[in-house]
Amino acid sequence: MSNLDVGIVGLPNVGKSTLFNAITKAGAEAANYPFCTIEPNVGVVDVPDARLAVLHEMYQSKKTTPASVRFVDIAGLVAGASKGEGLGNKFLEHIRQVDAIAHVVRCFEDTNITHVAATIDPVRDIETILTELCLADLEVLEKRIMKLAKLAKSGSKEAKAEDEVLRRIKACLEEGKSARSLDLTEDELSLIREMNFLTLKPMLYVANVAEDEAAKDGAGNAHVAAVRDYAAKEGSEVVVVSARVESEIAELDAEDAKSFLEELGLTESGLDRLIKAAFELLGLLTFLTAGPDECRAWTIVRGTTAPKAAGKIHSDIERGFIRAEIVNYDDLVAAGSTAAAREKGQVRLEGKDYVMQDGDVTYFRFNV
């Protein structure tokens, strides 16, 4: 996973493109009518990490490279999208390529901004999109089941096992439930991984609230409460943001943005919270490399071993991996330098079985 890819979906006019513009400053058109987003807009955003600035200072690095998230803004889906309504299937295909889905739901009233269903009801909106994702998955699944029938006849055990998993998913989708709601084992998931089912992707709900509610985290907003109840039942996360506020922050430099957030009573932007929630959702962590040439943050999945982490930097380093020289970030900062940390015995040599931890400042020894 070089970038973390998050697809942003939602019905038209829920604030999806406004949020996308704000978080990427990419200027995707955000007009008050459906289907203004035709090609998916892609924006790459740095993952905020205060540790990099500290390491940059410590090593006097020539450059600093944060981890990044790619946000893909996918056209406003409508009822019937899986059958080609609105701009249809083409957009559902764009979502198949992402790691997680951020579903923007409108939780504010505004008579100046039309809603495709005329009233504000976030749970209805969530279910409209879920139906489309289920229908799109069913279409892909039914074609695969037909193919497997031929393979199963030839006695393929793997085809039979895959067919059984797909039939369980099919029954689930036909009830209008996401494939996520089935507790599939790692082995079952590996059989169907290449199918990229939309309803298997981790889902994050983004409750878009009015500007004056940005600092309340949804307190007192019945629409947000309804979204939280819905998300809790399926084990999904909810992040409350005001797309309007994020738009204003995007126009400011770092110092002014900080003051603006403080005035609103916020400690961090909605984007920062959205990225943190996406990392949590996908079980990701960051290890760091630091030196005079570059300080850099690398994104890996929890449970990654040292050689696999080395492979993120270069396949040769993984291939010729000898040892990882590791110091915990907090220990390094407290010591003041690598040399001082080494004297205190805080720099460890780890082997091939070592599982990387968040904040490991790492130097890989390798020989190719």
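The values are calculated or read from the model by the stated rules, or taken from the named source; none is laboratory data. If you're wondering where the values come from, they're calculated on a predicted model, not measured in any experiment. Heads up, the Cβs are rebuilt from the backbone with ideal geometry, glycines too, and the neighbour counts pull from every protein chain shown. The accessibility values were calculated without ligands, DNA or RNA, using every heavy atom of the protein model including side chains. Shrake-Rupley method; radii C 1.70, N 1.55, O 1.52, S 1.80 Å.
Side notes on the structure shown:
- Search result, residues across the stretch 57-85 that are open to solvent by 50 Å² or more (accessible area, probe 1.4 Å), part of a strand (DSSP E or B) and at pLDDT 90 or above: K63, T64
- Considering the stretch 163-174, and only residues there that are of a type outside the set (A, V, I, L, M) and touching a residue at least 12 places away in the same chain (Cβ under 8 Å), the residue that is surrounded by the most Cβ atoms within 10 Å (Cβ to Cβ) turns out to be D163.
- Checking I169, I129, I192 one by one, the residue that is within 22 Å of I101 (Cβ to Cβ), among the β-branched types (V, I, T) and modelled with pLDDT under 90 is I129 and no other.
- If only residues of the stretch 322-364 that are among the hydrophobic types (A, V, I, L, M, F, W, C) and either in contact with a Leu (Cβ under 6 Å, 6 or more places away or on another chain) or in a helix (DSSP H, G or I) (or both) are counted, the one that is nearest to T289 (Cα to Cα) is V361.
- For the stretch 224-233, the criterion of a residue being open to solvent by 60 Å² or more (accessible area, probe 1.4 Å), at pLDDT below 95 and out of contact with any Asp or Glu (no Cβ under 6 Å at 6 or more places or on another chain) is satisfied by at least one position.
- Pairs meeting the criteria (first residue in the stretch 128-150 and in contact (Cβ under 8 Å) with a residue 40 or more places away in the chain and among the hydroxyl-bearing types (S, T, Y), second residue surrounded by 15 or more Cβ atoms within 10 Å (Cβ to Cβ) and assigned to a helix (DSSP H, G or I), beta carbons under 9 Å, at least 6 apart or on different chains) are T131/S82.
- The listed residues are A278, A257, and the only one of them that is open to solvent by less than 30 Å² (accessible area, probe 1.4 Å), of a type in the set (G, A, S), over 23 Å from the mean Cα position of the chain (by Cα) and within 30 Å of D212 (Cβ to Cβ) turns out to be A257.
- Residue count for the stretch 260-275, restricted to those that are open to solvent by less than 40 Å² (accessible area, probe 1.4 Å) and in a loop (DSSP other than H, G, I, E, B): 2
- The condition (being under 27 Å from the mean Cα position of the chain (by Cα) and either open to solvent by 80 Å² or more (accessible area, probe 1.4 Å) or over 24 Å from S242 (Cβ atoms) (or both)) is satisfied by just one residue among D125, D183: D183.
- Meeting the requirement of 3 or more residues that are closer than 19 Å to V105 by Cα and touching a helix residue (DSSP H, G or I) at 6+ places or on another chain (Cβ under 7 Å), the helices (runs of 4 or more DSSP H) wholly within the stretch 139-236 are 222-234.
- Any hit, the stretch 328-342, residues being within 32 Å of the chain's Cα centre (by Cα) and crowded, with 19+ Cβ neighbours inside 10 Å: yes
- Checked against (1) over 21 Å from the mean Cα position of the chain (by Cα); (2) on the phi < 0 side of the Ramachandran plot, G155 passes all but a single condition, namely (2).
- Every residue from the stretch 150-162 that is open to solvent by less than 100 Å² (accessible area, probe 1.4 Å) and at pLDDT 85 or above: A159, A161, E162
- Hits in the stretch 5-42 (condition: within 20 Å of the chain's Cα centre (by Cα), outside any helix (DSSP H, G or I) and at pLDDT 80 or above): D5, V6, G7, I8, V9, G10, L11, V14, G15
- Residues in the stretch 295-317 that are more than 26 Å from the chain's Cα centre (by Cα) and either open to solvent by less than 10 Å² (accessible area, probe 1.4 Å) or not β-branched (V, I, T) (or both): D316 only.
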